[in-house]
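What follows is one structure encoded as structure tokens, with my remarks underneath.
The values are calculated or read from the model by the stated rules, or taken from the named source; none is laboratory data. Here the structure is a predicted model, which means the values were calculated and not measured. When we count neighbours, we look across all protein chains shown, and the Cβ atoms used for this are built from the backbone with ideal geometry, even at glycine.
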Amino acid sequence: MSSKRYAEEFKIEAVKQITERRYPVAGVSARLGVSQHSLYKWVKEYSQAEPVRCETQSQQAELRELKAELKRVTEERDILKKAAVSSTGRCNTFGKFSAWRHKSKNFSWPCIEL
């Protein structure tokens with residue numbers, strides 16, 4: 001089953017028949033050859049005022065961009081974490097270093113005199 005693509009003007013005119021002229025969705029659906037589900041979706045999308053619809057679309061675009069950036073930054077962080085662990089041979093935590101220090105009785109921190 002292939003999905004048809006309709007022009008935005010077509011969708012807006014179909015919504016106007018439902019919202020402004022008060023034609024039933026079933027009647028408009030039968031006349032235009034469009035499913036009722038599509039009409040209800042178009043009514044929800046196009047029945048908002050123009051500035052609100054544009055604002056909503058711009059917010060959705062910004063949200064998509066932010067999610068993509070978050071995904072990229074998260075992947076970079078994970079790569080850097082793996083690189084840090086593999087370069088030292090162990091995790092960079094105080095707990096593991098403390099355990100190693102207790103095993104080595106002759107260990108002392110180097111002192112630097114200024």
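Any residue at all in the range 54-68 that's modelled with pLDDT under 75 and part of a helix (DSSP H, G or I)?
Scanning the range 54-68 turns up at least one residue that is modelled with pLDDT under 75 and part of a helix (DSSP H, G or I).
Scanning the range 23-50 for residues that are hydrophobic (A, V, I, L, M, F, W, C) and under 13 Å from TYR6 (Cα atoms) yields a total of 4. Pairing each residue of the range 1-22 that is under 14 Å from GLY33 (Cβ atoms) and in the same structural domain as LYS41 (by TED's automatic domain parsing) with any residue that is part of a helix (DSSP H, G or I) and of a type outside the set (Val, Ile, Thr), provided the two are 6+ apart or on different chains, yields C-beta distances under 7 Å for LYS11/TRP42; LYS11/TYR46; ALA14/LEU32; ALA14/LEU39; ALA14/TRP42.
Scan the range 23-34 for residues that are touching a residue at least 12 places away in the same chain (Cβ under 8 Å) and of a type in the set (Ser, Thr, Tyr) and the total you get is 0.
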